[in-house]
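Worksheet: the structure to be examined is printed underneath.
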Amino acid sequence: MRRIDRYIMQQFLAGILPVLLLLTILFSFMSLAEELENVGTGTFTLPDAFMVVLLTTPKRIVELLPVTALLGGLIGLGAMANNRELIAIRSAGISKQRIAQTVAALAGLLCVFITLLQFAIVPGFEREAATLRGQALQNTESRSRYSQAFWTRNDQQFIHVDNVNPDRSLSGVEIYSTDELGRLTRLTQASGAFYTGEENWLLINVLESQFQDDQVIETTHDRMQWSSLLSTRQASILILPLEALAPDDLIDTITNLKSNQLDTHQYEVVLWQQVSLLPSLLAMSLLSLPLLLGSVRSVSAGQRAMTGGLIGIGFYLLQQLSGHLAGILGLNPLLVILTPPLILLAIAIAAIRHRTL
């Protein structure tokens, strides 16, 4: 039994790998075409464009795996169907539910692979790509900067930072302090800030303006200590593209923003998009079975691949659309993004139960 399970998994993977390679190359060329538009801007060169595409490849693989699982399953298991191997397996007393369990087990392993990429590989590579692109594009002849500015809030302080430097120091810091009624009481401006540990910062070249009744009292400081709940990790996270954040970074950021009563919707959308890849992968893997069961003789391999391609592309576009709708219209990300893969998973399970070889 285990030998048959391993054989089914091997055939499934044998179908997935070439499809994944082909789609990754195709989408990488599309990404390269976009990056080539920036060549010549600032110090962004052709090698930079190729490097950005290379660094963003792991994320591309993660996003393509669900569609690849469907197409690869149709190719790998389809070869078994054409060779009557599935019929032989069924004749040996192995039920279609058992075959589905084997495919689901392989999908589970692929889900673990996706999770490892999302936590350990993708964020670092996306950060490097964003840094490379940003540093190159900010060095234009007009000295226009690639914006890494962000706003955040800490209790009664509103903080604006122009840039987080490669050494994790801050540039262009503005701290707006308010009272209990929300009135501005102090504005602290610093040309830079360095992290000294324990969520404390050393501000340099500081101009402090205190608003008292009808007068403004200005004080300058060469150096000034600033206690903040903003750590260097939180600061670096806030200026990164959302796609460069790992799930745990997203959860930490959402928790921090909620504690300061700030909007978390865009972070929740990205988080649930990442989570939705897991049920999507399982659903797509299982969906390859009902497309094979009952049609071994009547449907050609080309027709199965065409059907799988249409379903896969349609589902991919639906997932992208649901994410955009959730972000633009302010819809519940959990409901909007997770509903399509869960519905598809239910359809795949129901179809497996009602189809026979």
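Just so you know, all these numbers are worked out from the coordinates, no wet-lab data involved. Given the structure is predicted, the values throughout are model-derived calculations rather than measurements. Note: ideal-geometry Cβ built from the backbone for every residue, glycine included; neighbour counts use all protein chains shown.
The figures follow:
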| read-out | value |
| --- | --- |
| Fewest-first ranking of Leu36, Leu70, Leu137, using other Cβ atoms within 10 Å as the exposure measure | Leu36, Leu137, Leu70 |
| Two-site FRET efficiency, Ala105 against Thr41, from Cβ-Cβ distance with R₀ of 45 Å, rounded to 0.05 | 0.40 |
| Rounded FRET efficiency, nearest 0.05, which uses the C-beta distance separating Gln135 from Thr196 and R0 of 22 Å | 0.30 |
| Neighbour-count order for Asp213, Asp48, Asp5, fewest beta carbons within 10 angstrom listed first | Asp213, Asp5, Asp48 |
| Approximate spin-label separation Thr255-Glu34, in nm, with each point projected 7 Å along Cα-to-Cβ | 3.1 |
| Radius 15 Å from Cβ of Ile121, net charge of other residues (Lys, Arg +1; Asp, Glu -1) | -3 |
| Nearest-0.05 FRET efficiency for Arg353 and Met9, computed from C-beta distance (R0 22 Å) | 0.50 |
| Relative contact order for the chain, counting Cα pairs under 8 Å that sit 6 or more residues apart, in percent | 18 |
| Estimated vicinal HN-Hα couplings, Hz - the range 119-125 in sequence order (Karplus 6.51, -1.76, 1.60; Gly, Pro = x) | 8, 10, 10, 4, x, x, 5 |
| Angle between the chain longest axis and helix 301-329 axis [Cα atoms, degrees, rounded to 10] | 20 |
| Distance (nanometres) between label positions extended 7 Å along Cα→Cβ at Thr185 and Arg98 | 7.4 |
| Residues Glu63, Glu199, Glu218, sorted so that the one with the fewest Cβ neighbours within 10 Å comes first | Glu218, Glu199, Glu63 |
| Neighbourhood net charge (15 Å Cβ-Cβ; Lys/Arg +1, Asp/Glu -1) for Phe158 | -3 |
| Calculated [θ] (222 nm, deg cm²/dmol) that DSSP helices of n ≥ 4 give over the chain, each run adding -39,500 (n - 2.57) | -20500 deg cm²/dmol |
